[in-house]
Amino acid sequence: MKWLHFLLVVSCVSTGSITRSQNLVRNGGFENNYKCPDNFTVNYSKRFIPDWIMPTRGTPDYFHRCSKEMVGVPQNFMGSIFPAEGDAFIGLVLLDTPEISDEVDYRDYLHSGPLMPVTITNAKLPKPDTKHKVKSINYREYVQTKLKTTLQPNQLYRVSFKYALSQNSTFISNRLGVAFSEMPLKQKKGVLSVKPQAFIDSIVVFSTPGIWTEFADTFRARGGEQYLTIGNFFNDSETHYLENDISNLNSSLQKVILTNQLAYYYIDDVRVELVNKDENVDVSMHNVPLSIIKNSELFLYDTLGSHYAILDEVFFDIGQFNSEPKSFCQLDWLIDFLNKNNYIGIELNGFLHDFEPDISGAIARVKSLRNLLISRGVSNERIICKYLDDCKAISKKVRFYKEGLPCDYYSLLISVRFFNINQQPNGKRLER
């Protein structure tokens, strides 16, 4: 744990546990330890707890029932919570003293009950007071372990863990995720330079402190992965956050929490399990804004993975079937990428708008974009059109209106995936 001031909060939340089998993670509940912890972690060590290491100089914390107060259970220096299972869990800093510019907008802090979702959209946060703290750019904390067996190519695996926001966290944040790698990840500081296979990329995050929530995702292994790393793999500018509700705490503790400027989460019960062939499980979908994806990373967003790139700067008129896509140079950039890489195909996925009664609008938008690509030199054979009618990608409580645009313009209605045209994916096609 990076240095910080602290006070102790006393309140308790208990949870049950779920038992599963065939877990490929050693010491996934963090039960085994070298010794009972007596304080939050101050210095980097090559030994964290058995089977888990610190891949950077970031210093995660270890909590156990055997300890008292500082890293105890349930009360500890970051709040109060019982383990999701067993006697122990860990804690990670996902964000530390982020820079807040006048252009970054957030909105709608909803907090009316357990597991109430928070929507991060368009309202402004005040800039934090950092006079009493020296900022470490993109400070992160990670934990890493070697799996029991190497992951097999083209196999589906389920990764899961329990996470909970701490009561003394300054911020609520997204981007908590898991990266699998063939070799151990290691660097001195900052954000680990690897793309996670699974992460919380939604702008809707569960906000109730002290309540365990399950992170679960399914991904297809490339093969050879041996190491699992947990943390935030995105820099500050790519991490969404908002202020935690600490209004029910005493004024002295509130002052400490606001000075710390941390997004802090507890982690427990980490599992990686092979998905059996007879299980009806699809690869889970992740939507990543195309505007934050570097050109060199587009090749990672293929149909064998679980990532979709959202066209977040492409807009349509809602309710008009002849609406043409409008863009702030994103389409030009996308078309240029496709024209320079003739072996790359593109899969267009249309989303339903929650105001629309059926899929007609999604189909019309996808066809319109397909026709534009063809007119700009992308051959028809390189384009696959689909629609996603489960509406899971776009919450009905979230609006993504672009600043300064009329309200009838709406973005995030189409996502794309890329594939090698010699390995064309199967999928439901729309009529050409």
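Assorted remarks:
- Comparison of Leu253, Leu262 shows that the only residue that is over 18 Å from the mean Cα position of the chain (by Cα) and in contact (Cβ under 8 Å) with a residue 60 or more places away in the chain is Leu253.
- Unique match (being part of a loop (DSSP other than H, G, I, E, B), aromatic (Phe, Trp, Tyr) and crowded, with 21+ Cβ neighbours inside 10 Å) among Tyr163, Tyr139: Tyr139
- Unique residue being in the same structural domain as Lys148 (by TED's automatic domain parsing) and at pLDDT below 85 when the list is Leu192, Leu185, Leu242, Leu228: Leu242
- Given (1) touching a residue at least 60 places away in the same chain (Cβ under 8 Å); (2) crowded, with 18+ Cβ neighbours inside 10 Å, number of the condition Pro196 does not satisfy: (1)
- Checking each residue in segment 31-60 for being surrounded by fewer than 19 Cβ atoms within 10 Å (Cβ to Cβ) and among the aromatic types (Phe, Trp, Tyr) picks out Tyr34, Tyr44.
- The set of residues in segment 11-63 being among the small types (Gly, Ala, Ser), at pLDDT below 90 and more than 18 Å from Arg140 (Cα to Cα) consists of Ser11, Ser14, Gly16, Ser17, Ser21.
- Filtering segment 34-61 to residues that are of a type in the set (D, E, K, R) and under 21 Å from Gln226 (Cα atoms) leaves Lys46, Arg47, Asp51.
- For segment 167-193, taking the residues that are small (Gly, Ala, Ser) and surrounded by fewer than 24 Cβ atoms within 10 Å (Cβ to Cβ), the one that is farthest from Thr97 (Cα to Cα) is identified as Ser181.
- Sole residue being out of contact with any Leu (no Cβ under 6 Å at 6 or more places or on another chain), modelled with pLDDT under 85 and closer than 22 Å to Phe77 by Cβ, chosen from Ser202, Ser252, Ser207: Ser207
The values are calculated or read from the model by the stated rules, or taken from the named source; none is laboratory data. Predicted model, so just to flag it, every value in this text is computed and none were measured. Neighbour counts run over all protein chains shown; Cβ positions are idealised from the backbone, glycine included.
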